[in-house]
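As structure tokens, the structure follows; a few thoughts come after it.
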């Protein structure tokens, strides 16, 4: 039997794979998504500082490797490029598994999974706080281990996915932008958005996943 931690991890990775690569929305209409940020209670926590030092930054466009001599960005459009970047930072090849139902491959290293197909776009999920000596953060400075309060103070909004029914969403979204030509499934009639997905374990960030969205290709 899978342990609780492993079972939760597999559920979360599978969830974001479907969410990112097929466009399924995580919540029912009227809940979650960027518009929910206006109803979130104000937080007194001091948000983390934006990234300024050497780091691996998770953005809406891709993974940005920031070093003292400059920065390189690898986008999500090509799975092979993302796999090559992570493999170079880790110094080891991934373990690869296949999800035939959703027609995606999982490239797994300790603390990071790239989800996609060799010839298509990808998403990435981090449970590690650093990779290749580089801390992993969002643009806003959030990392695995950041608190819910810190995330909300940095501009995150509560999502609508409440798997255990305790009234507290299992994910937060941050860094949204509209995607012209799409329609939000959580807010019908509104333009769809992309965002960075923060999976929560209680009140701590457990995973950082990107890119995510609230629309589907109809």
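The values are calculated or read from the model by the stated rules, or taken from the named source; none is laboratory data. None of the values given here were measured: they were computed from a predicted structure. Cβ sites come from the backbone with ideal geometry, for glycine too, and all protein chains shown count toward neighbours.
If you go through the stretch 48-84 and keep only what is assigned to a strand (DSSP E or B) and modelled with pLDDT of 95 or more, you end up with 55, 56, 57, 58, 62, 63, 64, 65, 74, 75. Could you tell me whether the stretch 86-96 includes any residue that is surrounded by 19 or more Cβ atoms within 10 Å (Cβ to Cβ), at pLDDT 95 or above and in contact with a helix residue (DSSP H, G or I) (Cβ under 8 Å, 6 or more places away or on another chain)? No: zero hits. Just so you know, in the stretch 195-218 the residues that are in a loop (DSSP other than H, G, I, E, B) and surrounded by fewer than 23 Cβ atoms within 10 Å (Cβ to Cβ) include one that is modelled with the lowest pLDDT, and it is 218. Looking at the stretch 85-194, the strands (runs of 3 or more DSSP E) lying wholly inside it that each contain 3 or more residues that are more than 16 Å from the chain's Cα centre (by Cα) sit at 95-99, 104-109, 171-183. Looking at the stretch 38-47, is at least one residue closer than 15 Å to residue 137 by Cβ, at pLDDT 90 or above and surrounded by 15 or more Cβ atoms within 10 Å (Cβ to Cβ)? No; the residues of the stretch 38-47 include none that is closer than 15 Å to residue 137 by Cβ, at pLDDT 90 or above and surrounded by 15 or more Cβ atoms within 10 Å (Cβ to Cβ). Here residue 187 meets each of (1) within 24 Å of residue 129 (Cα to Cα); (2) in contact (Cβ under 8 Å) with a residue 60 or more places away in the chain; (3) in contact with a helix residue (DSSP H, G or I) (Cβ under 9 Å, 6 or more places away or on another chain) with one exception, condition (1).
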